[in-house]
Amino acid sequence: MDELADRSLSEWIEIAGETLRERGFAYGDPRHHLLRVYDICRILGLRFTDPSQLALVFIAVKLSRLVESPMREDSIVDLIGYSAILGQLRHTDWDDFDPSA
């Protein structure tokens, strides 16, 4: 636990960035992923106005998990990552976004 307490803010961000890069290799651009999830939600009758709202749902899931298991490093790293994804999604012009690119 001391190691995590001594980790600097930039180290947390760096670890989250590396996790995002690794997941990008496995799953592709998070905007494409969230757009696919958004389309699935619409088919299921769930109402979201844009894919960025799904990032908020993912953040809520991580917050809920942290309530149950507050010491889970991976949940904290994921929370940082989803916050970064939210920032990117909120500034994406979905009318000009090409999901096939």
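Here, each number is a calculation from the coordinates, and none is a lab measurement. Bear in mind the structure is a predicted one, so any value in this text is a computation, not a measurement. So basically every Cβ, Gly included, is an ideal-geometry build from the backbone, and we count neighbours across all protein chains shown.
Per-structure values
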item	result
Unmet criterion (only one of (1) part of a loop (DSSP other than H, G, I, E, B); (2) among the hydroxyl-bearing types (Ser, Thr, Tyr); (3) surrounded by 16 or more Cβ atoms within 10 Å (Cβ to Cβ)) for SER100	(3)
Top-ranked residue in region 62-93 [being farther than 23 Å from LEU9 by Cβ and either loosely packed, with under 14 Cβ neighbours inside 10 Å or among the small types (Gly, Ala, Ser) (or both); ranked as nearest to the chain's Cα centre (by Cα)]	SER64
In region 31-52, residue surrounded by the fewest Cβ atoms within 10 Å (Cβ to Cβ) [restricted to those that are touching a helix residue (DSSP H, G or I) at 6+ places or on another chain (Cβ under 8 Å) and under 14 Å from TRP94 (Cα atoms)]	ASP50
Candidates LEU56, LEU34, LEU46, LEU20 - the one that is in a loop (DSSP other than H, G, I, E, B) and out of contact with any Ser or Thr (no Cβ under 7 Å at 6 or more places or on another chain)	LEU46
